[in-house]
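To start, the structure under review is shown below, and the notes come after it.
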């Protein structure tokens, strides 16, 4: 238990809850900047039954925000590199890596049987495909999105990302990506994921949106 000693020092987490956390099954779709931050926080804090899905290879432009990659990994499959890096952080973890491009033909079978599905992809088409499958299969769904100096996340259970996505959002041009912004939003979303998996997260179906340029933090309840 020495690995999780700091976690167990928290007054609301005991060894029984930690055991429960290790038995939860989590699927992360996309292991770029967001996916690498989130998977690292989960695996090192007791969420050790993890499936990661991606189809990209490592590129030099990834390195400003994708914390598990190095220049030595260029050209390798991202899921392979990330799985190896996560196991180096926690060799007790059970990590299933799938090299796959998610689409309508495979998503429904993919999401079944998980306690939580995490959307860490970087495009709206894929986000909505994942959201619909989670809604149809009644699987809790954590949406995370980062664009430029803005980011948001929401843990959907009774509502869906489909309830808030409109044509303006979907068609809006993407901005660049600043590494620390990815880390900030991913850290907050990871905290929500862990609290939810522990059964101690009341703020479901609320979007937390942060804009660094205006230094504005907004919570929106989905009606």
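Throughout, read-outs are computed from the coordinates displayed, never taken from laboratory work. These figures come from a predicted structure and were not determined experimentally. Cβ sites come from the backbone with ideal geometry, for glycine too, and all protein chains shown count toward neighbours.
By the beta-carbon count within 10 Å of each Cβ, the least crowded to most crowded order of 141, 210, fewest first, is 210, 141.
Result for the chain in a Gaussian network model with C-alpha springs under 10 Å: among 186, 160, 15, the largest mean-square fluctuation is at 15.
Spacing of the modelled spin labels on residue 206 and residue 125, each 7 Å from Cα toward Cβ, amounts to 3.5 nm. Computing FRET efficiency as 1/(1 + (r/R0)^6) for residue 138 and residue 18, where r is the C-beta to C-beta distance and R0 is 22 Å, gives about 0.25. Within the listed set 164, 118, 130, the Gaussian network model of the chain (springs between alpha-carbon atoms below 10 Å) gives the highest mean-square fluctuation for 164. Length gained on full extension, residue 10 to residue 162: 51.1 nm, using 0.36 nm per residue less the C-alpha separation. Relative to the 2.2 N^0.38 Å rule of thumb, the chain has a C-alpha radius of gyration ratio of 0.97.
On the basis of the beta-carbon distance and an R0 of 30 Å, residue 175 and residue 109 show a calculated FRET efficiency of 0.35. Using a cutoff of 8 angstrom between alpha carbon atoms and counting only pairs six or more residues apart, the relative contact order for the stretch 125-220 works out to 32 percent. Between residue 215 and residue 64, the FRET efficiency estimated from the beta carbon spacing at R0 = 25 angstrom works out to 0.65.
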